[in-house]
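Everything below concerns the one structure shown next.
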Amino acid sequence: MRRILLLVVCGGIAFIGWVALPVPRRMLSAPTTPSVTLRDRHGVVLRTTRAADGTRQRWVAFADMDPQVVQAFVAVEDRRFFDHHGVDPRAMARAFLSDVRSGRVVSGASTITMQLARELTGAGRSWPGKLAQIAWALRLDAHLTKQEILEQYLNRVDLGQGVVGVPAAAALYFASSANTIGLARAAMLAGLAHAPSRDNPFTAPSRARARRAYALKRMSALGLALQADVARANREPLTSPDRATAFFAPHFTAHVLSTWRPHPGDADVMTSLDLGLQQEIEAEVRSTVDALHDRGVRQAAVVVLSNRTGEILAWVGSPDFWADSNGQTDMVISPRQPGSALKPFLYGLAFDVGYTPATLLSDVPRTYQTAIGPYHPRNYDRRYHGLVRAREALASSYNVPAVALADTLGVDRFLRTLHVAGFASLDRSSEFYGLALALGDGDVTLLELANAYRSLANRGVWRPAHWDMGNAHADDRRVVSAQSAALVLDILTDPDARTPAFGSVTPFDFPFPVAVKTGTSRHFTDNWAVGATGEFTVAVWAGNFTGQPMAGVSGVTGAGPLLHRAVMLTARRYQPGVIVTPASVGAEPVRICRQSGARAEPGCPYVTEWFAPGTTPSETPPPPARVALHLVSPHDGDAYAIPPGVDSHYATLALRAEGASPMSWSVDGRPVSTNRWTLVPGVHTVSVTSSTGEIVTAHIEVQ
């Protein structure tokens with residue numbers, strides 16, 4: 001016991017002696033933070049993290065710092081800063097109890113002095129790192145005044161986007177100096193310090209606005225700001241458009257800085273963006289929004305990709321990055337419902353399993369029984385067109401044949417194809433999306449959509465899009481066959497096939513081949529248009545960040561004209577190239593009868609259609625490709641329980657299968673006439689039988 005006591009006493013004396021030692025001057029010298037310069041593909045500076053005067057870091061003395069900055073950081077980060085000696089015992093006790101209950105460090109109770117210690121020493125957030133922060137905080141407080149600690153902290157705190165310190169952040173976000181920031185801006189920076197990546201105003205404006213409001217509330221509660229000033233500050237924009245330094249393509253550069261892995265030292269990064277094209281398209285986006293303002297369109301976005309390399313040539317996330325109302329929201333990477341823009345991938349899948357552009361599809365009223373009730377798909381024009389060739393069904397974007405096709409092929413298979421095509425945003429199950437996935441009932445991003453169409457232009461092979469100039473990305477995967485990709489593109493470049501739905505005059509008439517598809521989400525909340533040439537792909541979105549419906553704006557009248565101008569602007573700088581044709585991948589032209597889809601006979605009105613090898617029609621119409629019968633509900637081995645107190649009439653099980661039509665159901669050998677079966681306790685065998693005699697069964701248990 002004496003030995004332990006002696007060790008404790010000696011350790012305490014040694015610690016006190018260590019605390020008494022002066023803080024090394026080299027630790028407190030002004031840092032030289034590496035800078036990042038982003039350039040476009042021609043070397044033009046897009047953005048730099050250097051200060052406005054060209055230095056890497058501008059150190060501002062405490063006396064020159066805006067007092068409201070000091071008040072904001074103290075209110076948010078350490079309200080008892082002037083009362084403790086580097087460590088706040090009350091906050092530490094509260095954090096300790098919280099950490100013990102969770103079994104890990106969830107609340108560090110770090111004071112401003114402890115945060116400065118972490119910046120100076122690199123101590124981590126683990127228990128040993130926290131102890132090191134405490135020790136150094138005590139030492140710093142013993143040798144530095146509170147003003148000196150604040151000066152060190154405010155010049156070193158990480159505030160996102162590659163900037164360090166309040167002076168650099170003030171220059172980046174507000175084009176101002178650290179001594180004239182004001183209440184609203186001081187509160188935003190103080191709120192940003194807690195999580196600079198998560199709450200950044202450029203990439204997460206709603207979270208940044210919430211953090212600023214929190215900071216202002218804390219200042220008001222501590223008597224550091226009047227209620228009237230707080231209310232006025234909450235109405236101010238997050239950032240300032242009045243910039244003294246180069247800041248072009250703001251959404252693009254924000255994305256680059258958020259995904260780039262920095263290297264030691266200064267970095268001069270050559271990106272793939274074409275600033276000249278970028279600025280021309282930015283002007284067109286603003287013009288489109290102005291022209292459609294009376295019809296409820298407030299925002300638009302455009303992305304342009306090089307088909308051959310995957311390089312991003314232009315990226316416009318909103319009409320005005322500096323707009324007060326969510327201008328920093330980036331619709332190039334914000335998921336929304338794409339409407340009919342997903343249909344080409346459904347038809348590409350169909351062509352891979354034996355369908356052809358001449359296959360006759362049924363466009364007649366039909367009701368599908370789903371887990372959430374009956375589903376009645378309707379066409380955009382509220383009409384039905386009888387038997388239509390797949391070419392016209394896709395080009396004219398008929399909904400009813402697309403849903404029937406998804407029902408036959410299987411939603412599971414279609415969703416897998418979309419995943420291969422890069423739609424990572426579709427992260428729910430096929431049961432969640434259901435048949436409406438064929439009509440775009442699932443959120444995707446504009447960048448995902450553009451790159452998926454790029455895969456069609458690249459003969460069905462998907463590769464990732466990227467912003468880094470000249471770097472090859474070899475993550476290849478096949479979405480559809482080269483023949484199917486060529487057939488889809490041929491349909492999307494066919495003005496005659498889209499005439500029944502869109503008329504003979506559209507924004508999609510170009511002096512060179514462009515495969516075009518539009519999409520409009522339900523209730524006219526989102527408007528899409530994509531155009532793929534041989535060398536580049538352009539994707540456009542128009543709508544409202546809030547989801548407010550537009551006034552009858554379709555892909556032809558909304559996103560379509562913007563797509564036309566963006567394609568033509570891109571074509572002025574980059575040759576459109578030759579789009580892959582059916583002939584180039586071995587497809588054969590055959591005359592077919594318009595009415596039957598079979599090879600044309602004398603006297604039958606005919607059209608010439610392309611057929612992949614092995615799908616050329618005979619004298620009779622080819623049967624649709626057969627898809628294996630499989631159960632969707634129930635699955636083999638499922639177990640169910642009848643909820644207590646629920647009338648047996650409502651305790652039912654949905655019977656769903658894909659791959660054949662018509663089909664019949666039975667449970668334990670007894671026919672079931674509807675698509676729902678009333679649950680009965682026991683072990684049961686559920687069977688579905690197709691019209692060809694194929695049977696699939698599942699064994700289930702009901703408790």
*Could you list, in sequence order, all residues of the stretch 177-208 that are in contact with a Pro (Cβ under 8 Å, 6 or more places away or on another chain), assigned to a helix (DSSP H, G or I), over 22 Å from R80 (Cβ atoms) and not small (G, A, S)?*
M188
*Could you check, for the stretch 376-395, whether at least one of its residues is surrounded by 22 or more Cβ atoms within 10 Å (Cβ to Cβ) and either in the same structural domain as N200 (by TED's automatic domain parsing) or touching a Phe, Trp or Tyr at 6+ places or on another chain (Cβ under 7 Å) (or both)?*
yes
_Matching residues, the stretch 114-132, being at pLDDT 80 or above and within 38 Å of the chain's Cα centre (by Cα)_ = M114, Q115, L116, A117, R118, E119, L120, T121
*Which one of R79, R56 is at pLDDT below 70, surrounded by 15 or more Cβ atoms within 10 Å (Cβ to Cβ) and assigned by TED's automatic domain parsing to the domain that holds R211?*
R56
*Consider Y214 carefully, then state whether it is hydroxyl-bearing (S, T, Y), modelled with pLDDT of 90 or more and either touching a strand residue (DSSP E or B) at 6+ places or on another chain (Cβ under 7 Å) or outside any loop (DSSP other than H, G, I, E, B) (or both).*
yes
*Scanning for something without any contact (Cβ under 8 Å) to a residue 60 or more places away in the chain, buried (at least 21 other Cβ atoms within 10 Å of the Cβ) and either farther than 29 Å from L446 by Cα or in contact with a helix residue (DSSP H, G or I) (Cβ under 8 Å, 6 or more places away or on another chain) (or both), does the stretch 234-251 turn up at least one residue?*
no
*Members of the stretch 600-653 that are modelled with pLDDT of 80 or more, in contact with a Pro (Cβ under 9 Å, 6 or more places away or on another chain) and among the small types (G, A, S)*: A612
*Name every residue in the stretch 133-176 that is more than 40 Å from the chain's Cα centre (by Cα), outside any helix (DSSP H, G or I) and touching a residue at least 40 places away in the same chain (Cβ under 8 Å), in order of residue number.*
L144
*So which residues in the stretch 402-427 are under 19 Å from the mean Cα position of the chain (by Cα) and either at negative phi or among the acidic types (D, E) (or both)?*
L415, R416, T417, L418, H419, V420, A421, F423, A424, S425, L426, D427
_Lone qualifier among F432, F414 - being within 24 Å of A657 (Cβ to Cβ), aromatic (F, W, Y) and free of Cβ contacts under 8 Å to residues at least 24 places away in the same chain_ = F432
*Out of (1) out of contact with any Ser or Thr (no Cβ under 9 Å at 6 or more places or on another chain); (2) within 16 Å of E236 (Cα to Cα); (3) surrounded by fewer than 24 Cβ atoms within 10 Å (Cβ to Cβ), what's the single condition that is false for R198?*
(2)
*For the stretch 358-375, how many residues meet the condition of being buried (at least 17 other Cβ atoms within 10 Å of the Cβ) and more than 14 Å from A436 (Cα to Cα)?*
5
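So that you can scan it fast, the table gives a plain yes or no per residue for (1) outside the structural domain of D475 (by TED's automatic domain parsing); (2) aromatic (F, W, Y); (3) in contact with a strand residue (DSSP E or B) (Cβ under 7 Å, 6 or more places away or on another chain); (4) buried (at least 24 other Cβ atoms within 10 Å of the Cβ):
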| position | (1), (2), (3), (4) |
| --- | --- |
| L415 | no, no, no, no |
| A424 | no, no, no, no |
| D427 | no, no, no, no |
| Y433 | no, yes, no, no |
| A438 | no, no, no, yes |
| D443 | no, no, yes, no |
| N451 | no, no, yes, yes |
| R459 | no, no, no, no |
| R463 | no, no, no, no |
*Report, by residue number, each residue of the stretch 516-528 that is touching a helix residue (DSSP H, G or I) at 6+ places or on another chain (Cβ under 6 Å), within 15 Å of Q299 (Cβ to Cβ) and assigned to a strand (DSSP E or B).*
N527, W528
*asked:* Give all pairs with beta carbons closer than 8 Å in which a residue from the stretch 317-331 that is within 17 Å of A539 (Cα to Cα) and of a type in the set (S, T, N, Q) meets a residue that is part of a loop (DSSP other than H, G, I, E, B) and modelled with pLDDT under 85; count only pairs at least 6 apart in sequence or on separate chains.
replied: S318/N326; S318/G327; S318/Q328; S318/F545
*Please work out if A178 is at pLDDT 85 or above and not assigned by TED's automatic domain parsing to the domain that holds L46.*
no
*Is one or more of the residues making up the stretch 274-292 on the phi > 0 side of the Ramachandran plot and in contact (Cβ under 8 Å) with a residue 24 or more places away in the chain?*
no
*Please enumerate the residues belonging to the stretch 286-304 that are touching a helix residue (DSSP H, G or I) at 6+ places or on another chain (Cβ under 7 Å) and either at pLDDT below 95 or over 19 Å from F248 (Cβ atoms) (or both).*
T288, V297, R298, Q299, A300
_Restricting to the stretch 465-481, count the residues that are surrounded by 19 or more Cβ atoms within 10 Å (Cβ to Cβ) and either of a type in the set (V, I, T) or over 18 Å from W260 (Cα atoms) (or both)._
2
_Which numbered condition A350 misses (of (1) under 18 Å from E392 (Cβ atoms); (2) touching a Lys or Arg at 6+ places or on another chain (Cβ under 8 Å))_ = (2)
*Mind telling me which of the residues A583, A571, A539 ends up being in the same structural domain as H293 (by TED's automatic domain parsing), of a type outside the set (V, I, T), surrounded by 21 or more Cβ atoms within 10 Å (Cβ to Cβ) and outside any loop (DSSP other than H, G, I, E, B)?*
A539
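The values are calculated or read from the model by the stated rules, or taken from the named source; none is laboratory data. Remember, it's a predicted structure, so these values are computed and weren't measured experimentally. Cβ atoms come from the backbone with ideal geometry, glycine included; neighbour counts cover every protein chain shown.
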